[in-house]
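Below is one structure, written out as C-alpha cells; the observations come after it.
The values are calculated or read from the model by the stated rules, or taken from the named source; none is laboratory data. Computed from a prediction, not measured in an experiment: that's the story for all the values here. Virtual Cβ from ideal backbone geometry, glycine too; neighbours counted across all protein chains shown.
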Amino acid sequence: MGYIRLDEQPGEVYHYTHRKNLDSILRDGRIRRMGDRECWFCASLEDTLTLMRATVMMEGKPYYKVGGSIGRYPKFVPEDYVILRLNPRFQKGEWVQWMQEMPPGSPPELLKAADPAKDYLALDDTLFTIKLTPNRADCLSLSGIAREVAALTGSPLSLPACEPVAAGHGDTRVIVLDAPEACPRYCGRIIRGVDAKAPTPEWMKQRLLRSGIRSISALVDVTNYVMLELGQPLHAFDNAKLAGAIHVRLPKAGEQVLLLNGQTIMPAADTLLIADEARALALAGIMGGEESGITLDTTELFLESAFFAPDAIAGRARAYGFSSDASYRFERGVDFALAGKAMERATRLILDICGGEAGPVVEAVAADKLPARAPIRLRASRVRRVLGIDLSADAVAGMFERLDLQVSRDGDDFVVTPPSYRFDVEIEEDLIEEIARIHGYDNIPIRAPRGPITMLPRPEAKRDVMSLRRQVAAREYQEVINFAFVEEAWEKDFAGNTNPVRLANPIASQMSVMRSSLIGGLVANVVTNRKRQTNRVRVFEIGRCFAHDAAGQPVDGYHQPVRIAALAAGTVKPEQWGEANRNVDFFDVKADLEALLFPRVAEFERASHPALHPGRAACVKIDGKAVGFIGELHPVWVQRYELGTAPVLFELDLDVLLETVTPAYTELSRFPAVTRDLALVVDQQVASGGLLAGLQAVAPAIVQRIELFDQYQGKGIEPNRKSLAFRVVMQDTQRTLEDAEVDAAMAALTRHAEEQLGAKLRG
C-alpha cells in the first residue's frame, strides 16, 4: 500500500467511487481500482472534488482510445457516485495518508460514511430557465424577477439593502459628461486599501457559477454579482493607472483601445468611450480596457456605475464581433435611477470581502437628458373592450400598485406613471397588457364569437374571384403565384417602368423592386417550363401590382391595383390525331378573353406596348374605357429569354372581369328573319371593328345584329384595298318585314359606309 508519512494527525481522508462498488467495499474494506485508474485518496474534500472533475466529470470531452482512435467520455450522473470519508490510520507508530488502493482485509470501521457526490457538489438544486422578450430588460436581474413574482403572487417583496456607505477619506475624481445624450448619469467612487488577493466567498462563487459566470477575482466577482442581483452593470478601474478627470466622450480620430478580451479596436465615431485625461480606458457600457483593469496587485480602485442610453449601446458590441453581459443589458434598457444604489451595494460587498476605505460618491447628471416617464391615461371602457372582462377599479389599482406603478383616478380613468426601470410601458395598450398578465391569461373566460347568421347580398352583376378562377381554369389555364418583388430588368422590359417601387431591404439582389405588371412572372414561368422540355404552357395569375401614385390609396403615394394576366405558349391543343398541330396565335387568346368577358363585349384597338409585338397588340376597352391589353410577346424579348416561339398574353384590371351584365327579358319574334349580306371595299387601314361599330350605330330598329364573316384581298380588289363582308339580320316582333323596309335599311347602312369611310359596294 502506498502512503505518505504525516508529521501530525490528519483530518478525515476522502475517496470517491461508483455506487455499484459500495457493497463490496463495505463487505471487505478493500477499495479497488476503477478501470485502469489508481484509486487515489485525498486529504481534503476540495482535492477530492478537483480530482473528480479531472477524471469522471468529463461528459462529452474527447480522449484517445487504445489504438489511437478518439472517444468521448460518457454522461456524468452525480447520483451514481459517492464520496467516502475515511478515518485516519495509525500504522507502525506513524500517522499515514493513503495514496493508492486499500489493502485486502482493511476493516470496514475505517469507512465512516458514504455520502452522495451531488451533496458535496451542491448539485441537488432546482434550475429555472427564464426566457425574456427584449422589452423586459428589467427582469435581467434577481431583483427584477423578485418584483415579478411578488406582483404575480401577492407575496411580500424583500430587496437587497443598499444603505449608503460612509466615506472614510476625501479622495475623488472629477467626472465630465462630454456626451450627455448618450450618458446622462455617471457615478464614481475611489476605494483605497483593498486586498485584491482576498478570496471570493464560496457562496458568491457558487451563485455566479450557477448564473453562467466564472469567478475571476473578488473585486471583479463583486461587480458581476451586483449586476446579477440588481441589474446594474458596474466596472472597476485601477485608480493608480488613471490620470486626471474621467470623461465620457466619443472617440478621437485614430484612437485605439485594448480591451480585456485582448482585442485591440479602433472605435467607430458613434461608439461611446470612458477616458481619462491621457487615453481611452474602456468602451462605455460594453467592455473595460486592459491597460486600466484591476489586477491582484491593485490596492486602490475607481468604481463606476452609470446609465447609458440604449440607442448609444445597441449593436455596438456585435459590430466589433463580440458581446458582453453589460451591453446586453444597456442596449435593452437599465434603470436610470439605479446607479447610486448599485454603487452603495457594491461598495459594501467590497469592503466586507476585500477591506479598504470608501471615498465619497461623485455623480455627474444631465437631468434634462434622462428618460422621462410621462403619465399614461387608461380608460376603463377600453380595458373592458380589449379584454372582454369587467374588473373593479380597486382590482385594477391593486394590480398597478403591485407592479410599482404610480396610479391615480380621474373620473373613470386611471392615470398611471411607470417606474424608472419599466422602459416597456409607454402607451395605454401596454397597461392593458399588464392587467391581462397579472390577472392571468387563463383566468380570462373563453367566449365564442357570436353574431347573426345572415346571407350577404350577392348582386347578379357581380361574380366572385373563385368563380373567375374556375372559368379561366376551364379554358386550360393553370394558376400560378409569383413573387410580388421582381428583377428591375423585368420592369424595364415588360412594363417600360424606369421608376419602380424599390425595396429598402430586398431578400435578394434579383428581387429588389415591386412589380407593376404580372407579365414578368408569367414569362419566367414559361422559361422554367421550356428548360424542362415542356413547350405547351398555359398559365394565369391574379395578383396585386405596385406603382408610384401621389393620389394612391390605401397607402399614400402608391397605387396597388389587383390584376389578372394569362399567357399561352406552344400549340393550341395537345398533340393528337384528330387535328393538325399549330402554335397559338392572337385570335386564340382573344377568344379566351372574350369568353371570360361574356356577356360584356370588348373593343380591341391597335396599340403599342413595351412588352408586345408592334403589329400584334391591342388595347382592350369596355364601354370606351381602356382596361388592359392583349398581344403577342415582342420578338426582342422572345430572343432574349430564349422562348423559341412567341407566347400570346393579356393583362386586365381584375374588377373588369368581376363585373357582368344582369340578364334582361327580351321578347322573341314569331315572325321570320330576313338576312342580307353587305360587301364593302375599304382602304386597308380601315379597322373592321370601327366600321362595324359605325354600322351598328346607324342601323334602323329592325336590324337585330350585324356580323363580319369575311375579309378578302387579292384578285378583283384594288391594291391597298380590302373587302369586308357583313351579314345583316333583320326582324320585327310584331309583323313580317316588307322588301321596301329591308332595302331601305340596307341603303342606310351602305350610305353611311360610303360617306364616312369612303367605302363602296363590291361589284
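See the values below:
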{"item": "Filter result for the condition that a residue is in contact with a Phe, Trp or Tyr (Cβ under 9 Å, 6 or more places away or on another chain) and either surrounded by fewer than 17 Cβ atoms within 10 Å (Cβ to Cβ) or under 30 Å from PRO574 (Cβ atoms) (or both), over VAL472, VAL415, VAL465, VAL407", "result": "VAL472"}
{"item": "Tally of residues being surrounded by 23 or more Cβ atoms within 10 Å (Cβ to Cβ) and of a type in the set (Ser, Thr, Tyr) across segment 272-298", "result": "1"}
{"item": "Lone unmet requirement of (1) over 21 Å from VAL425 (Cβ atoms); (2) touching a Pro at 6+ places or on another chain (Cβ under 6 Å) for LEU303", "result": "(2)"}
{"item": "Which listed residue, of LEU208, LEU230, is in contact with a helix residue (DSSP H, G or I) (Cβ under 9 Å, 6 or more places away or on another chain) and over 27 Å from ASP311 (Cα atoms)", "result": "LEU208"}
{"item": "Condition check for ALA374: part of a loop (DSSP other than H, G, I, E, B), within 28 Å of SER143 (Cα to Cα), within 34 Å of the chain's Cα centre (by Cα) and in contact (Cβ under 8 Å) with a residue 24 or more places away in the chain", "result": "yes"}
{"item": "Qualifying positions in segment 385-407 - touching a residue at least 24 places away in the same chain (Cβ under 8 Å), charged (D, E, K, R) and part of a loop (DSSP other than H, G, I, E, B)", "result": "ASP404"}
{"item": "Residue in segment 574-581 that is farther than 25 Å from GLN696 by Cα, in contact with a helix residue (DSSP H, G or I) (Cβ under 9 Å, 6 or more places away or on another chain) and among the aromatic types (Phe, Trp, Tyr) present", "result": "no"}
{"item": "Number of the condition not met by GLU707 [criteria: (1) surrounded by 13 or more Cβ atoms within 10 Å (Cβ to Cβ); (2) in the same structural domain as VAL742 (by TED's automatic domain parsing)]", "result": "(1)"}
{"item": "Where GLU304 falls short, out of the listed (1) touching a helix residue (DSSP H, G or I) at 6+ places or on another chain (Cβ under 8 Å); (2) buried (at least 24 other Cβ atoms within 10 Å of the Cβ); (3) among the charged types (D, E, K, R)", "result": "(1)"}
{"item": "Failed item in (1) of a type outside the set (Val, Ile, Thr); (2) surrounded by 11 or more Cβ atoms within 10 Å (Cβ to Cβ); (3) at pLDDT 90 or above, with LEU695 passing the rest", "result": "(3)"}
{"item": "Residues of segment 558-577 satisfying the condition of being assigned to a loop (DSSP other than H, G, I, E, B) and either of a type outside the set (A, V, I, L, M, F, W, C) or buried (at least 19 other Cβ atoms within 10 Å of the Cβ) (or both)", "result": "GLN560, PRO561, GLY570, LYS573, PRO574, GLU575, GLN576"}
{"item": "First in segment 557-581 and more than 17 Å from LEU596 (Cβ to Cβ), second anywhere and small (Gly, Ala, Ser) and not in a strand (DSSP E or B), Cβ under 6 Å, 6 or more apart", "result": "TYR558/GLY552; HIS559/GLY552"}
{"item": "Selection within segment 653-676 - without any contact (Cβ under 8 Å) to a residue 24 or more places away in the chain and farther than 30 Å from ALA626 by Cβ", "result": "TYR665"}
{"item": "Residue that is modelled with the lowest pLDDT, among those in segment 161-209 that are surrounded by fewer than 15 Cβ atoms within 10 Å (Cβ to Cβ) and closer than 30 Å to GLU401 by Cα", "result": "ALA161"}
{"item": "In segment 578-628, residue modelled with the lowest pLDDT [restricted to those that are outside any strand (DSSP E or B), of a type in the set (D, E, K, R) and surrounded by fewer than 14 Cβ atoms within 10 Å (Cβ to Cβ)]", "result": "GLU579"}
{"item": "Subset of segment 284-301 [over 25 Å from MET266 (Cβ atoms) and hydrophobic (A, V, I, L, M, F, W, C)]", "result": "LEU296, LEU301"}
{"item": "Options ARG458, ARG422; residue that is more than 29 Å from VAL334 (Cα to Cα), among the basic types (Lys, Arg) and either in contact with a strand residue (DSSP E or B) (Cβ under 6 Å, 6 or more places away or on another chain) or assigned to a loop (DSSP other than H, G, I, E, B) (or both)", "result": "ARG458"}
{"item": "Subset of segment 532-546 [modelled with pLDDT under 90 and closer than 30 Å to VAL501 by Cα]", "result": "none"}
{"item": "Unique match (being modelled with pLDDT of 90 or more, of a type outside the set (Lys, Arg) and more than 22 Å from ARG173 (Cβ to Cβ)) among ALA240, ALA218", "result": "ALA218"}
{"item": "Among the candidates ILE542, ILE435, residue that is aliphatic (A, V, I, L, M) and outside the structural domain of VAL383 (by TED's automatic domain parsing)", "result": "ILE542"}
{"item": "Among (1) in contact with a helix residue (DSSP H, G or I) (Cβ under 6 Å, 6 or more places away or on another chain); (2) among the β-branched types (Val, Ile, Thr); (3) touching a residue at least 60 places away in the same chain (Cβ under 8 Å), the one test that ILE481 misses", "result": "(1)"}
{"item": "Those helices (runs of 4 or more DSSP H) lying entirely in segment 635-740 with at least 1 residues within 30 Å of GLU754 (Cα to Cα)", "result": "688-698"}
{"item": "Selection from segment 328-371 of residues that are under 31 Å from the mean Cα position of the chain (by Cα) and either without any contact (Cβ under 8 Å) to a residue 60 or more places away in the chain or not in a helix (DSSP H, G or I) (or both)", "result": "GLU331, ARG332, GLY333, VAL334, ASP335, PHE336, LEU370, PRO371"}
{"item": "Search result, residues across segment 491-548 that are over 26 Å from the mean Cα position of the chain (by Cα), among the aromatic types (Phe, Trp, Tyr) and not in a helix (DSSP H, G or I)", "result": "PHE540"}
{"item": "Yes/no for GLN232 being farther than 19 Å from GLY355 by Cα, touching a residue at least 60 places away in the same chain (Cβ under 8 Å) and not in a loop (DSSP other than H, G, I, E, B)", "result": "no"}
{"item": "Count of segment 126-164 residues which are touching a helix residue (DSSP H, G or I) at 6+ places or on another chain (Cβ under 8 Å), without any contact (Cβ under 8 Å) to a residue 24 or more places away in the chain and either assigned by TED's automatic domain parsing to the domain that holds GLU331 or not in a loop (DSSP other than H, G, I, E, B) (or both)", "result": "3"}
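Conditions (1) exposed (fewer than 14 other Cβ atoms within 10 Å of the Cβ); (2) modelled with pLDDT of 85 or more; (3) not assigned by TED's automatic domain parsing to the domain that holds LEU596, marked per residue:
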site	(1), (2), (3)
VAL681	no, yes, yes
LEU691	no, no, yes
PRO719	yes, yes, yes
ALA725	no, yes, yes
THR736	yes, yes, yes
